[in-house]
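Chemist: Structure in structure tokens, see below.
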Amino acid sequence: MTKWVLDTNVVLDLLHFDDATARPLRHALEAGRMRCVVSDATLDEWRRVLAYPEFALGPKQQAVLVERYQALSEMAGTVEVDAGLPRCGDPDDQKFIELAAASHAQGLVSKDRAVLRLRRRCAPFFRIMTPAEAVRWLAAMPA
């Protein structure tokens, strides 16, 4: 089983929007072929985003989505920042970079341009992929 970090927009695609492109990732999580790694900071962001008015989710719906995400995830221990890690142009996304490196995740799945720009610089630590790239990578892995 491989460990991955998913940025919040990807988690929204998986669990709220049921995005067809990302759906195979959700199936892999549900089947135990991959595991999502989370931290207090990434879970806090998930809770905060679910409360955005544009999603029109009541407290009960938010709680179900938080619980579902946690069921598909494992909590990382202390996330220690490696001084050699690249810095993300969007400071809000740095927590995902740090979590992927600290948890020794195989990769970080993101649609965020600032994160995707770090592909080469993060390559010594982990892979950065879009959801479609992650689906292709997962499909190429032995079951």
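Chemist: Taking the Cβ of residue 20 as the center, what net charge do the other residues with Cβ under 13 Å away carry, scoring Lys and Arg +1 and Asp and Glu -1? Write down the numbers at each step before the final one.
Modeler: Details: positive: 23, 26; negative: 13, 18, 19.
Overall, the nearby charge balance is -1.
Chemist: On to the next question. Students often forget the sequence filter, so: which lysines lie under 23 Å Cα-Cα from residue 3 once same-chain residues fewer than 8 apart are removed?
Modeler: Straight-distance partners of residue 3: 95, 111.
Chemist: Another question about this same structure. Could you pull out every residue, at least 5 positions away or on a different chain, whose amide H is within less than 5 Å of the one on residue 111? Hs are placed 1.01 Å off N in the peptide plane, and Pro or chain starts have none.
Modeler: The list, which skips near neighbours in sequence, is 10.
Chemist: While we're on this one: Per residue of region 43-60, what does 6.51 cos²θ - 1.76 cosθ + 1.60 with θ = phi - 60° give for ³J(HN,Hα)? Whole Hz please, x for Gly and Pro, Karplus curve as stated.
Modeler: After applying 6.51 cos²θ - 1.76 cosθ + 1.60, I find 5, 4, 5, 4, 4, 5, 5, 4, 7, 4, x, 5, 8, 6, 9, x, x, 5 Hz.
Chemist: May I pose another question? Across all directions of projection, what mean area in square nanometres is found for the Cα convex hull of the chain? Could you put the intermediate results ahead of the total?
Modeler: Values: hull surface 33.0 nm².
Reported value for the Cα convex hull: 8.3 nm².
Chemist: What FRET efficiency do you get for residue 121 and residue 2 if R0 is 30 Å and r is their Cβ-Cβ distance, rounded to the nearest 0.05?
Modeler: Details: r = 22 Å, r/R0 = 0.72.
FRET efficiency, residue 121 to residue 2: 0.90.
Chemist: Loop-only GluC sites (Glu not before Pro) in region 41-143, please: DSSP not H, G, I, E or B, and at most 14 other Cβ atoms within 10 Å. Display every interim value, and only then the final one.
Modeler: Numbers: sites: 45, 54, 67, 74, 80, 98, 133; in loops: 80.
Passing sites in region 41-143 are 80.
Computed from the coordinates by the stated procedures, all read-outs in this text should not be read as laboratory data. What you are looking at is a predicted structure, and each value in this text was computed from that prediction instead of being measured. Note that each Cβ is placed from the backbone with ideal geometry, even for glycine, and that neighbours are counted across all protein chains shown.
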